[in-house]
Amino acid sequence: MYWTEFLTVALIHLLAVASPGPDFAVVVRESVTHGRRAGTWTALGVGTAIFLHVGYSLLGIGLIVSQSIVLFNALKWAAAAYLLYIGFKALRAQPAQPATDDLHKEAGERTARGAFTSGFVTNGLNPKATLFFLSLFTVVINPHTPLTVQAGYGIYLAVATAVWFCLVAMLFSQQRVRAGFARMGHWFDRTMGAVLIAIGVKLAFTEMH
C-alpha cells in the first residue's frame, strides 16, 4: 500500500545524498587523510545524525524551526561556523616531511569517536538537511501515513545514508588513491578546506523560503 510512497522517498533521498555537500566533503577528507577506519566512522556518524532529523520531523519540531527565523538562523550560523572551523584548519596543512608519510602518521592519531563526532555534527547541524527532511515528511510523505511506517522510512534513510558514505569512504581510502593524494596531500587538504569554507559561507547566506 505504501510502496509507491516509499519508492518516491528513496528516489528523492538518492538524488539528495549523491549531490556533493558538507557530508561528502568531510567523509572524503577523513578517508584520504586518516584512512578507511576513520572514513567509515565518519560515514556512520553522518548516518546516525539522520535519526535526529527524522525524530524532530516526526515530532513536528522541524516545522517550528522552519517557521522561526531566530531558530533557523541559530542553526545556520552554528553549522557555518563549524564548517569554517574545520575548513580553516585544513587550509593550514603543511607538506609532509621527506622521511615521513603524513597520511599514515595521521591515520593512527584519529580516534573512532572523533571521526564519528565529525560526521554526526556536520550532518546534524546542516540546516539544509533540516529543510530537506521537513519537506520530505510534510509534502512527499502523506500526513495520514501511520507513524510506524514513517519511522520505517526514517530507519531506511539513516541506513541508506550510512551505507552510501561507507562506500565513499571505501573508495577514497584505497591505498592507491591515498598514495596518489600522499604526494601532494597538503594541497588536497587545502583544497578540501577551501571547499568546506565555500560551503560554510554559502550556508551562512542561506535564507529561509
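The values are calculated or read from the model by the stated rules, or taken from the named source; none is laboratory data. From a predicted model like this one, the values you see are computed outputs, not experimental measurements. Quick reminder, even Gly has a Cβ in these numbers, built from the backbone with ideal geometry, and neighbours come from all protein chains shown. Side chains are part of the model used for accessible areas, which takes the heavy atoms of the whole protein and leaves out ligands, DNA and RNA. Shrake-Rupley method; radii C 1.70, N 1.55, O 1.52, S 1.80 Å.
Summary of computed values
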| read-out | value |
| --- | --- |
| Conditions (1) surrounded by 20 or more Cβ atoms within 10 Å (Cβ to Cβ); (2) of a type in the set (A, V, I, L, M); (3) modelled with pLDDT of 65 or more: number failed by residue 79 | (3) |
| Of all residues in the range 162-200 being in a loop (DSSP other than H, G, I, E, B) and either at pLDDT below 85 or surrounded by 15 or more Cβ atoms within 10 Å (Cβ to Cβ) (or both), the one that is farthest from the chain's Cα centre (by Cα) | 183 |
| Residues (within 15 Å of residue 171 (Cα to Cα) and open to solvent by 10 Å² or more (accessible area, probe 1.4 Å)) located in the range 39-50 | 40, 41 |
